[in-house]
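Values in this text are rule-based calculations from the coordinates and carry no lab data. Remember, it's a predicted structure, so these values are computed and weren't measured experimentally. Positions of Cβ are generated from backbone atoms using ideal geometry, with glycine treated the same way; all protein chains shown enter the neighbour counts.
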């Protein structure tokens, strides 16, 4: 089943809701409208070879979960799924009567301390990652192996590029021989020392390691070179990740991040506190409140009213409070899988027998 097929056969839709910022009460004039819902695969597909557990459009702003996957994720106390089940009435576009069988209180458990916290940590990680990229941009030109090679000079070291320049050499005429029992340490030779053709220090811009050459035994090394291979590998990884991020980033959101001058993704940080507040309410009141009463404060976070460091400290303190609240909560450690399975079987029997 595809999203298009589901829309052509809406009888399989069990729940269709407006989700995201509209449901949270955090929408701004330019906010998109996201749709989420639940469906049941036709009986023939369920009993056949092809089972579809989720359908969505290319941008994931329209997404529907098959009832089995929905119940599975409820058992795991997935925040998105608990929110969907507790969608405010004014955001519910369609709700099949069978959905009355599924109550949030059947699934709420102390797992929420982990799942909501992990979700919040993921958003903090995103904010930290963006902060690092903004504060430490990567140059367009990637560094080469030569930038991570050094020769011994007295009691210190010299970049290999300086050593080559001081000798009037080019890297293509250099031969390297690995020194036994010394990691990433090489003896350095020049082609004038031998009739052999040397391979240079590295083979090209995209090389992953230095090149080795066959050097006759009588030749005496001109220098000893160290290649910081770990540093080069890390640079290549960070370079790739940075420019992939530049290529894929949401420019409007990025410019908004720059405009408030705090160098973090304020929208992600807003959702950190939304999730933490929801987790606290679950621990205190055994209830999922999707529509946020603290709208103005959350939108202040989104506008960049606070420093990055202050928000991280507040989030860490909040997580400690939430952990203590869940320790004292009378919620079960986790949802009951037997109840969930019986519920799923009951729903399928009702819908498939109804035709």
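Summary value for the stretch 1-92: 31 percent relative contact order, contacts being C-alpha pairs under 8 angstrom separated by 6+ residues. Relative to the longest principal axis of the Cα atoms of the chain, the long axis of helix 266-285 makes an angle of roughly 40 degrees.
Peptide packing: for 78-89, 145-156, the average count of neighbouring Cβ atoms within 10 Å per residue gives the ranking 78-89, 145-156, highest mean first.
Of 91, 112, 167, which is the most mobile in a GNM of the chain whose springs link Cα atoms less than 10 angstrom apart? In the Gaussian network model the winner is 167. Among 113, 303, 166, the largest mean-square fluctuation in a Gaussian network model of the chain (Cα springs under 10 Å) belongs to 166. Computed from Cα atoms, the angle from the helix 337-353 axis to the main principal axis of the chain rounds to 60 degrees.
Counting other Cβ atoms within 10 Å as a rough exposure proxy, the listed residues 158, 182 run 182, 158 from fewest neighbours to most. Relative to the dominant Cα principal axis of the chain, helix 111-135 is inclined by about 40°. Protection proxy ranking for 281-289, 116-124, 29-37, using the average of other Cβ atoms within 10 Å per residue and placing the highest first: 116-124, 281-289, 29-37.
Give the relative contact order (percent, whole number) for the stretch 145-230; include only Cα pairs under 8 Å separated by 6+ residues. It would help to have the intermediate numbers written out before the result.
On the way: 161 pairs, mean separation 30.0, N = 86.
Relative contact order for the stretch 145-230 comes out at 35 percent.
Here, the stretch 145-230 has an Rg and a Dmax of 11.9, 33 Å when only alpha carbons are counted. Determine the shape class of the chain: with a ≥ b ≥ c the square roots of the Cα gyration tensor eigenvalues, call it rounded for a/c under 1.5, and otherwise prolate if a/b is greater than b/c, oblate otherwise. Prolate, since a/c reaches 1.5 and a/b exceeds b/c. Going by the alpha-carbon gyration tensor, a ≥ b ≥ c the square roots of its eigenvalues, is the stretch 46-203 rounded (a/c under 1.5) or, if a/c is not under 1.5, prolate (a/b greater than b/c) versus oblate? Since a/c reaches 1.5 and a/b is larger than b/c, the shape of the stretch 46-203 is classed as prolate. Over the chain, Cα pairs under 8 Å with separation of 6+ residues give a relative contact order of 20 percent.
Helix-derived [θ] at 222 nm for the chain: sum -39500 (n - 2.57) over DSSP H runs of at least 4, divide by residue count, nearest 500? Per the formula, -14000 deg cm²/dmol. By definition, a body whose alpha carbon gyration tensor gives a ≥ b ≥ c is oblate when a/c is 1.5 or more and a/b is not larger than b/c, and the stretch 1-119 fits this oblate description.
Sort the following peptides by mean Cβ neighbour count (other Cβ atoms within 10 Å, averaged over residues), highest first: 315-328, 63-76, 333-346. Please report the intermediate quantities before stating the final value.
On the way: 315-328: 14.9, 63-76: 20.4, 333-346: 13.1.
The packing order, highest mean first, is 63-76, 315-328, 333-346.
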